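Enquirer: Structure in structure tokens, see below.
Readers should treat all values here as calculations from the given coordinates under stated rules, not as data from a laboratory. Since the model is a prediction, treat every value here as computed from it, not as a measurement. Heads up, the Cβs are rebuilt from the backbone with ideal geometry, glycines too, and the neighbour counts pull from every protein chain shown.
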Amino acid sequence: MATKDGKLSLNALIAMVVGSMVGAGIFNLPGRFGAATGPFGAIIAWAIAGTGMYMLARVFQTLAAKRPDIDSGVFAYAKAGFGDYMGFLSAFGYWLGSCLGNVFYWVLMIFGDGSSVIAIIVSLCGIWAFHFLILRGVQQAAFINTIVTIAKLVPLFVALLIMIFVFNYQQFAENFFGGVGMPEKSLVNQVRDTMLITVFVFLGIEGASVYSRFAKKRADVGTATILGFLGVTGLMVAITLLPYAAMPQATMAGLQQPSLAGVLEEIVGHWGAVFISIGVLISVLGAYLAWSLICAEVLFAAAKSKDMPRLFAAENANGVPANALWLTNIVVSLFVISTYFSQDAFNFMLDMTSVTALLPYLLVAGYGVLIAQRGEGYEATPGERTGDLIVAAIAALYTLVMFVAAGLQYVLLLAVLLVPGTILYFWARREQKLRLFSPAELIVFAVALVAGLAGAWGLISGAIVP
């Protein structure tokens, strides 16, 4: 919780990481993995994803220690390493992806099998109820997030204990290399089919870094990131693997979402599904609160560093970035309303939320490589440079592999979202009477513009179907 001076303690920062990471995705893991692969492929997938994301968590920890002067690190590291425009793209992309993720939560929680006017109205009421809660103070919202984080972990741990108790080794062995009745596909394809899922469930690993300016101790940012990551990763791996010992893989693959509810219903009956569904509701609300805080904070911090118009740097009497929060929830509301006209909004937002996070993650890892090469912050600990350089390089490579796994169409769709946002960059640069682009940044903008036009043409022609 917040300390008396308004700062966030280590426990509160850990809760921010856990609250950001443990959302709806973890309750959907059994069905999504069951449809893709058996336990053997799942272990390989988690080994790849866990290693890559652990390296990224280590980079966040290192940067918090070596560059303690940089706050709200997700985009600020990109700016420090690659210039103003890349910092802006990182901030805007991360913010917009977070907005899409917030819409995903309301679609999952309220819409059911499809959008309706009533569902949209209920979602809008929820969005603005959270809006006015957060306006009362970030520390108060962070305290509520800590309570909700504890509450939503309870059903997950109960589910784990039940699945451990009924563990059937023979069933697990039958599913290990792919269960009976599952379509034949190579192990590489099985693992690849899980990659975007793992990116989505790891989103939020940077939760403590985003709120670094509120940390009581700077070192707590890195500690919270690692501890939160390790705890949630162990939980996600267990939630993925244990259902293979409770039912055939084909049954897992056919479970409706949230699939963990279906697993528990198979084991203990209908009350298990109801119990997990309550956990999903609490989890989604908690994750939405955490991500609303993150959205506003990123926009506010970008405005404070003059990467966004100064309008969004304003705070209310409670220290909340009110204008940033207003814009965030207006955009989220517009996305929610747009779902009325789209049958594919759910999958589009799920995939794009994952892909938009990859650019900021790549730039953070790249900055980790740069400072290790240059020796920035290593004056007192030169022996750490080589190890940190290897860790950052692996994190960057992992993120690039995730871009490849996502596919070209999602990269083009990312450009479609980023290019219009450059208007805000124009606005901010005009306010400061600064040159718009350096030569290198002009090349980046030109590439982004071409990719955005290609993506837009793909949408218009039907070549890309979101």
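Enquirer: So if each residue of separation counts as 0.36 nm, and I subtract the Cα-Cα distance between Ser338 and Tyr169, what length gain in nm does that give?
Expert: Contour length minus Cα-Cα distance gives 56.1 nm.
Enquirer: Please give the charge dipole size of region 320-423, origin at the Cα centre, charges +1 on K and R Cβ atoms and -1 on D and E Cβ atoms. Round to the nearest 20 debye.
Expert: That gives a dipole near 120 debye.
Enquirer: Kindly state, to the nearest 0.05, the FRET efficiency for Leu370 paired with Phe403, given R0 = 25 Å and r defined as their beta-carbon distance.
Expert: So, using R0 = 25 Å, E works out to roughly 0.80.
Enquirer: Further, regarding this structure: Does anyone have the angle between helix 408-432 and the longest principal axis of the chain? Alpha-carbon axes, 0 to 90°, nearest 10?
Expert: It works out to around 30 degrees.
Enquirer: With the dipole of region 10-410 worked out from charges on the C-beta (+1 for Lys and Arg, -1 for Asp and Glu) around the Cα centre, which of Ser333, Ile43, Ala302 lies farthest toward the positive end?
Expert: Checking the options against the dipole of region 10-410, the answer is Ala302.
Enquirer: Next up: Taking θ as phi - 60°, what are the ³J(HN,Hα) couplings along region 79-89 by the Karplus curve (6.51, -1.76, 1.60), each to the nearest whole Hz, with x for Gly and Pro?
Expert: Along region 79-89, the couplings run 5, 4, x, 10, x, 5, 5, 5, x, 4, 4 Hz.
Enquirer: Going by how many other beta carbons lie within 10 Å of each one, how would you line up Val447, Val199, Val284, fewest first?
Expert: Listing Val447, Val199, Val284 from fewest to most nearby Cβ atoms yields Val447, Val284, Val199.
Enquirer: If we count other beta carbons within 10 Å of each Cβ, what is the order of Phe202, Phe445, fewest first?
Expert: Phe445, Phe202
Enquirer: Express in nm, to one decimal, how much length is gained between Ile150 and Asn11 on full extension, taking 0.36 nm for each residue of separation and deducting their alpha carbon distance.
Expert: Working it through step by step, the gained length comes to 48.9 nm.
Enquirer: Another one. Compute the FRET efficiency between Ser186 and Trp271 as 1/(1 + (r/R0)^6), taking r as their Cβ-Cβ distance and R0 = 56 Å, and round to the nearest 0.05.
Expert: 0.90
Enquirer: If you don't mind, there's one more thing I want to ask. Using the 10 angstrom Cβ neighbour count as an exposure proxy, how do Tyr94, Tyr85, Tyr169 rank, fewest first?
Expert: Tyr169, Tyr85, Tyr94
Enquirer: Quick one: angle between helix 345-374 and the longest Cα principal axis of the chain, in degrees between 0 and 90, rounded to 10, please.
Expert: 60
Enquirer: Excluding Arg310 itself, what net charge comes from residues whose Cβ is under 9 Å from its Cβ, given Lys and Arg +1 and Asp and Glu -1?
Expert: Here the count lands on +1.
Enquirer: Is the shape of region 287-438 rounded, prolate or oblate, going by the alpha carbon gyration tensor and its root eigenvalues a ≥ b ≥ c, with a/c under 1.5 for rounded and a/b larger than b/c for prolate?
Expert: Since a/c reaches 1.5 but b/c is at least a/b, the shape of region 287-438 is classed as oblate.
Enquirer: For the pair Cys125 and Ile390, how long in nm is the line joining their label points, each one 7 Å along Cα→Cβ?
Expert: Calculated label separation equals 5.7 nm.
Enquirer: Once you have a ≥ b ≥ c as the square roots of the Cα gyration tensor eigenvalues for region 10-410, tell me rounded if a/c is under 1.5, and otherwise prolate or oblate according to whether a/b is larger than b/c.
Expert: oblate
Enquirer: Around Asn316, which amide H atoms from residues at least 5 apart in sequence, or from another chain, sit under 5 Å from its own amide H, with H modelled in the peptide plane?
Expert: When sequence neighbours closer than 5 places are left aside, the close amide H contacts are Ala322.
Enquirer: Taking the Cα-to-Cβ direction at Ala463 and at Ile44 and moving 7 Å from each Cα, how far apart do the two end points lie in nm?
Expert: Result: 3.3 nm between the two label points.
Enquirer: Right, next: Run the count for the chain, please: Lys pairs, Cα-Cα under 15 angstrom, 8 or more apart or on different chains.
Expert: 8
Enquirer: Okay, which of region 433-452 sit inside 18 Å, backbone N to the point 7 Å along the Cα-Cβ direction of Leu311?
Expert: 433
Enquirer: While we're looking at this one, here's another question. Dipole of region 10-410, Cα-centred, from +1 at each Lys and Arg C-beta and -1 at each Asp and Glu C-beta, to the nearest 20 debye?
Expert: 740
Enquirer: Say the dipole of the chain comes from +1 at the beta carbon of Lys and Arg and -1 at that of Asp and Glu; which of Ala91, Thr225, Ile164 then lies farthest toward its positive end?
Expert: Ala91
Enquirer: Pairs of Cα atoms under 8 Å, at least six residues apart: use those to get the relative contact order of region 10-410, whole percent.
Expert: It rounds to 37 percent for region 10-410.
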